Amino acid sequence: MKISEIFTSREITVSLELFPPKPGAGFADMKKIVRECADLKPSFISVTCGAGGGGSQNTLEVVREVEAGGVSSLAHLVAMELRRDEISEMLDDLEANGIVNIMALRGDFPPGVTENSGDFRYASDLIAEIKKRGNFCVGGACYPEGHPEAGTWQHDIENLKIKIDAGCEFLTTQMFFDNNILYNFMYRLLKNGINVPIVAGIMPVTNARQIQRIFKLSGAPVPPRFKAITDRFSNNPKAMRQAGIAYASEQIIDLIANGVNNIHIYTMNKPEIAGSIMKNLSEIFR
Ligand code: FAD
């Protein structure tokens, strides 16, 4: 089912995200993870893709598994360094497998690189190419705290408008830990004429290593409430896990209470964590 149709047919959507095994790695564990995620009955499951396109076959394999489990899938497609004919082949593969939803991304530059060497400079160029085929529902990424390369928030939002005008039908946010940042961002989107569904990306942070990596990578400021939790519990894995699940659950309750009805859980291949959050919110998600 197209994700655009899922958004119009349900008041609240909850999607999950998986990453495929590395090229050459075994697939048995992945099948189990997909099955456990499918059992949670999410609105759809997205599957990430390695930059450079090297992992796109693995993405396709996982996406096929998701569809076989009776759940709509969203295949990530990353343009970085890819030529038009390579992208065309990937689209052929997706089409041949009946995949109708694509998350179109530019990808991150490898260290020391500042220019995209592929045929698609920005995600909006990739989206325009995909839309030429006519048959795919296409989503894109957005950044409530601004994309790190964008000079100003306004510039970033103007670029998002280009993405929407190219045919992007929904936007999934980068993770954020303070809902007010999302509310401010959504206000600016509306002011700039962007009114596609916004899918709020929630990352349950449940262990100390993950915390250090996430804040280093995203450069996002740590909200004081979250900092207090991590300072207090990061040396106690079980307590940190429980606190991370509770924090994500509360974040989602506040979002839905304020009318943000599309929630995406960065599952990190841990169905049990997504499952705990969904159990906490079973009446809200019903
Ligand atoms: P773009 O939309 O192209 O934006 C990149 C930068 O260029 C921004 O600063 C933007 O303001 C600017 N820009 C855009 N258009 C224009 C224009 N026309 N003129 C001037 N400037 C412009 N990475 C992966 O490798 N694999 C994944 O599966 C993956 N999944 C992701 C899922 C989500 C929900 C998110 C939020 C990110 C994901 N990423 C993934 C990371 C993503 O590839 C990086 O954040 C990357 O740096 C930007 O990708 P983009 O598609 O947002 O790029």
Can you name the condition, by its number, that residue 93 falls short on among (1) of a type in the set (D, E, K, R); (2) surrounded by fewer than 20 Cβ atoms within 10 Å (Cβ to Cβ); (3) over 18 Å from residue 129 (Cα atoms)?
(3)
Any residue at all in region 50-69 that's under 30 Å from residue 221 (Cβ atoms) and more than 8 Å from the ligand (Cβ to nearest atom)?
no
Would region 110-125 turn up any residue that is touching a helix residue (DSSP H, G or I) at 6+ places or on another chain (Cβ under 7 Å) and more than 8 Å from the ligand (Cβ to nearest atom)?
yes
Would you check which residues across region 217-265 are open to solvent by less than 30 Å² (accessible area, probe 1.4 Å), closer than 20 Å to residue 171 by Cα and not in a helix (DSSP H, G or I) and list them?
220, 260, 262, 263, 264, 265
Looking only at region 123-146, filter to residues that are in a loop (DSSP other than H, G, I, E, B) and touching a residue at least 12 places away in the same chain (Cβ under 8 Å); which one of those is most open to solvent (accessible area, probe 1.4 Å)?
135
For residues that are free of Cβ contacts under 8 Å to residues at least 12 places away in the same chain and part of a loop (DSSP other than H, G, I, E, B), tally how many sit in region 7-24.
1
Do we find a residue being under 19 Å from the mean Cα position of the chain (by Cα) and either hydrophobic (A, V, I, L, M, F, W, C) or farther than 27 Å from residue 13 by Cα (or both) anywhere in region 224-238?
no
Could you check region 165-191 and list, in sequence order, the residues that are within 16 Å of the ligand (Cβ to nearest atom), outside any helix (DSSP H, G or I) and out of contact with any strand residue (DSSP E or B) (no Cβ under 8 Å at 6 or more places or on another chain)?
166, 177
Pairs returned, first residue in region 150-166 that is touching a residue at least 12 places away in the same chain (Cβ under 8 Å) and hydrophobic (A, V, I, L, M, F, W, C), second residue that is more than 6 Å from the ligand (Cβ to nearest atom) and not in a loop (DSSP other than H, G, I, E, B), beta-carbon separation under 6 angstrom, 6 or more apart or interchain, are 157/188; 160/142; 166/127; 166/128
Single unsatisfied condition, residue 27 versus (1) loosely packed, with under 13 Cβ neighbours inside 10 Å; (2) without any contact (Cβ under 8 Å) to a residue 60 or more places away in the chain; (3) over 20 Å from residue 163 (Cα atoms):
(1)
Of the residues 194, 214, 256, which is more than 16 Å from the ligand (Cβ to nearest atom) and of a type in the set (A, V, I, L, M, F, W, C)?
256
The one condition in (1) open to solvent by 50 Å² or more (accessible area, probe 1.4 Å); (2) basic (Lys, Arg); (3) closer than 24 Å to residue 173 by Cα that residue 83 fails to fulfil
(3)
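The values are calculated or read from the model by the stated rules, or taken from the named source; none is laboratory data. Computed from a prediction, not measured in an experiment: that's the story for all the values here. All Cβ positions, glycine included, derive from the backbone under ideal geometry; neighbour counts span all protein chains shown. Side chains are part of the model used for accessible areas, which takes the heavy atoms of the whole protein and leaves out ligands, DNA and RNA. Shrake-Rupley method; radii C 1.70, N 1.55, O 1.52, S 1.80 Å.
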